[in-house]
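To start, the structure itself, in structure tokens.
Please treat every number below as a calculation from the coordinates, not as lab data. Here the structure is a predicted model, which means the values were calculated and not measured. Neighbour counts are summed over all protein chains in view; Cβ atoms, including those assigned to glycine, are modelled from backbone coordinates with ideal geometry.
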Amino acid sequence: MKTANLPIYFLAMITTPTKLHSLLRAALILLAIGAIGRMPAMGPAIGMAVADGGIQIDHSRVWGNTTLFDGSLIETSTAPSRLRWNSGVEIRLSADTRAIVYQRRLVLEAGYGQLESAADFEVEARSLRISAATRESVARIKLEGGRKVIVAAVRGSVQVRNASGLLVANVDAGRSLDLEPQVAGAAAPTRVSGCLLSKSGKIILVEQTTNVVLELEGPGLDKEIGNHVEISGAPLNQPPSVPDASQLIRVAALKQVSKGGCSTTARKVGAVAVAASGAAASGGAAGTGAAGAAGAAGAASAGGIGVATIAVVGGVAVAATVGGLAAVGDLPGQGGSQPSASR
């Protein structure tokens, strides 16, 4: 074959086929790398999603059953879905709900969900961390407005912690709480009310709304042991010494709400409802700082849920929910249908 009139690059391709193969191979590798780079990030498989209708996984519409991967974004539309982890955890999501799933937690970004069969698993909602106290506990979590998180215990008890891991509420079966993280975070002033008791030689308060135990420091507290009081103060940057207490509070203001009536609460937490002398507590310190307590209440209302605020613990405003989630039968759009078997 005459090659005098052929282009030089064509001659090179004819005379060096090995170079052509190398170029083709390199091009294919670059194309493959580009395709992989455009694929969504996918972690290890952690479970399965079962939808009554369509569901979006990482912005892709799927139907029926699909595999859950660590870090997947789940979005329901008009139909609910049930998520099952390989570990046995189950979470039901109502319609119009968005969440990100991980091996040991779910981040609720919008909507309403129910946590079931959970052990060592958390639901994160607006910096709050919700977990079941036992495997048999069933919790409902709903996001409302711009900051509120409603937490209900349908069965068993449910624990709520702030972003730092501090216990801010124990929710008993049949109860619902409205919670709202404060702008000041854990450094926000504490405002609580409940039974003032003595335990392990220290003064504690069993908070009536959040059901948490706080260790207290401050003058005049021993005069109110056994009474129902309201206190305001500041958290101290040191751990409490009383077992089961979640925080140590320096009391700035104390107000007696009612006298006596704390014996049952004392037995429940292994404390005593009498002063060191053995006599029932008097109301001697009731008025000392009522103005301070009122000021703390106003500050809590200004930065918290509003006039319905009952407690501020660990930088979270907490109030009892009226007609709460625990009384509702099924989640919105959920019904009583059971998930189908995995395909």
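Structural remarks
- Residue pairs exceeding 32 angstrom between C-alpha atoms, taken from LYS142/LYS268; LYS142/LYS202; LYS142/LYS255; LYS199/LYS255; LYS148/LYS268: LYS142/LYS202; LYS142/LYS255.
- Treating each Cα of segment 45-181 as one equal point scatterer and applying the Debye formula with no solvent, the log10 of I(q)/I(0) at q = 0.12, 0.15, 0.21 Å⁻¹ comes out as -0.41, -0.65, -1.25.
- Shape of segment 116-227 from the C-alpha gyration tensor: prolate (a/c of 1.5 or more and a/b above b/c, with a ≥ b ≥ c the square roots of its eigenvalues).
- Burial ranking of peptide ranges 128-140, 251-263 (average Cβ count within 10 Å, highest at the top): 128-140, 251-263
- With 0.36 nm allotted per residue and the present C-alpha distance subtracted, the GLU144-ALA320 stretch has 61.9 nm of extension available.
- From the alpha carbon centroid of segment 122-148 to that of segment 201-245 is 26 Å.
- Sequence-distant residues sharing a close amide H with LEU68 (under 5 Å, placed H): ILE46, GLY47, MET48, ALA49
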